[in-house]
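**Student:** So that we are looking at the same thing, I have put the structure below in structure tokens.
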Amino acid sequence: MTNAKSQHILIGIVKPGTIVRHWVVLREAPRRYGMRYLSCRCVCGRERDIFIGSLRVGTSSSCGCQTKARTHGLSATKDNAVWRMMIQRCHNPNHCAFKNYGGRGIHVCQRWRNSFADFVTDMGLRPSPELTLERINNDGNYEPGNVRWATRKEQAANSRWTREDHVIQGRKNAAARWHPETHHVIHTK
């Protein structure tokens with residue numbers, strides 16, 4: 001919210017009523033450590049004394065209410081990290097796993113790629129920390145209807161390595177699985 005009045009702050013002329021981003025200047029505040037402060041009211045109604053330099057360079061644009069209004073409050077969560085890594089392995093050619101995801105043509109749908117909030121709306125938060133994202137169709141994209149929260153064991157059973165046809169002792173076996181402890185092939189058909 002920059003207007004003609006907010007330009008005065010840049011040259012040091014500050015009058016009550018001057019608007020700087022989401023702050024309205026009320027009056028000069030007592031100096032602290034020789035530095036100039038202004039008493040300001042945020043658009044939400046909170047009043048604070050703000051260092052004039054913070055207003056000039058833009059490091060203080062509101063009391064924090066505007067940041068909270070724009071975000072979902074989940075930026076520092078593991079769920080957000082899972083979402084970011086999903087996008088990285090599909091869309092960042094420099095990511096170490098890109099060859100197995102984006103390199104194979106697997107993408108994140110636009111809705112999820114553009115918004116963590118939309119991802120959470122469609123998928124929900126992880127019901128348990130042991131669960132990870134799994135694509136039901138391993139050749140399909142990360143999109144609603146093709147992704148679920150699954151255990152690592154469930155994911156291992158649904159990987160392209162275990163779902164591909166295997167030739168075992170001269171016989172084709174599409175449902176071959178590896179035993180989790182011995183790592184021997186288990187014939188399920």
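The values are calculated or read from the model by the stated rules, or taken from the named source; none is laboratory data. These figures come from a predicted structure and were not determined experimentally. Cβ placement follows ideal geometry from the backbone for every residue including glycine, while neighbour counts extend to all protein chains displayed.
**Student:** In this structure, does A29 turn out to be at negative phi, modelled with pLDDT of 90 or more and assigned by TED's automatic domain parsing to the domain that holds E130? Steps first, please.
**Tutor:** Working: at negative phi: yes; modelled with pLDDT of 90 or more: yes; assigned by TED's automatic domain parsing to the domain that holds E130: no.
No: the conditions fail for A29.
**Student:** Looking for something out of contact with any Lys or Arg (no Cβ under 7 Å at 6 or more places or on another chain), outside the structural domain of F119 (by TED's automatic domain parsing) and more than 30 Å from L133 (Cα to Cα) - is there at least one such residue anywhere in region 74-95?
**Tutor:** Scanning region 74-95 turns up no residue that is out of contact with any Lys or Arg (no Cβ under 7 Å at 6 or more places or on another chain), outside the structural domain of F119 (by TED's automatic domain parsing) and more than 30 Å from L133 (Cα to Cα).
**Student:** Pick out, from region 59-153, the helices (runs of 4 or more DSSP H) lying fully within it that include 3 or more residues that are within 13 Å of the chain's Cα centre (by Cα).
**Tutor:** Working: elements: 65-70, 78-91, 110-114, 116-123.
Correct list: 78-91, 110-114, 116-123.
**Student:** Is there any pair linking a residue in region 104-132 that is touching a residue at least 24 places away in the same chain (Cβ under 8 Å) to one that is of a type in the set (G, A, S), with Cβ under 9 Å and at least six apart or on different chains, and which?
**Tutor:** Sorted first by the residue in region 104-132, then by its partner, the pairs are I106/G140; F116/S75; T132/A150.
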